[in-house]
Amino acid sequence: MTLQTQLVLRALLENPAKQHYGLELCELAGLPSGTIYPILARLEQVGWVDSTWEDPAVHEQAGRPRRRFYQITEDGAERARDALARAYRARKQPLPAWAARPIADGGVS
């Protein structure tokens, strides 16, 4: 798993109940859109992430392009947490707080 993918997963796991649009994830992960969108597409293909398009009326009122929102799935959160924990252990780093929070508290189980 690339470092960039890990950054995207960490951003999604910070609040797994929240839907994020792509440019918001760019800011959270500190990565450019050309890196984020292919990662999100791959994560969606394997079922770790779901996406939905914004209601057309919302973006028309706001006067901006329509947004696509991404949210980590429950299965994706579990698998991402496990994969990230392995990556942290391999680098001998302590696990971040989101790794242990239950879903009810906005984290992962």
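The values are calculated or read from the model by the stated rules, or taken from the named source; none is laboratory data. Quick caveat: nothing in here was measured; it's all calculated off a predicted structure. Don't worry about glycine lacking a Cβ; one is built from the backbone with ideal geometry, like all the others, and counts go over all protein chains shown.
Some values worked out for this structure:
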| read-out | value |
| --- | --- |
| Residues of the stretch 59-106 classified as among the aliphatic types (A, V, I, L, M), assigned to a helix (DSSP H, G or I) and modelled with pLDDT of 75 or more, total | 7 |
| Of all residues in the stretch 1-22 being assigned to a helix (DSSP H, G or I) and free of Cβ contacts under 8 Å to residues at least 40 places away in the same chain, the one that is surrounded by the fewest Cβ atoms within 10 Å (Cβ to Cβ) | 3 |
| Tally, over the stretch 47-76, of residues that are touching a residue at least 24 places away in the same chain (Cβ under 8 Å) and among the aliphatic types (A, V, I, L, M) | 2 |
| Complete set of residues in the stretch 42-55 that are assigned to a helix (DSSP H, G or I) and surrounded by 12 or more Cβ atoms within 10 Å (Cβ to Cβ) | 42, 43, 44 |
| Residue that is at negative phi and surrounded by 11 or more Cβ atoms within 10 Å (Cβ to Cβ), where the choices are 64, 79 | 79 |
| Residues satisfying the stated conditions in the stretch 23-41, i.e. crowded, with 19+ Cβ neighbours inside 10 Å and over 21 Å from residue 81 (Cβ atoms) | 26 |
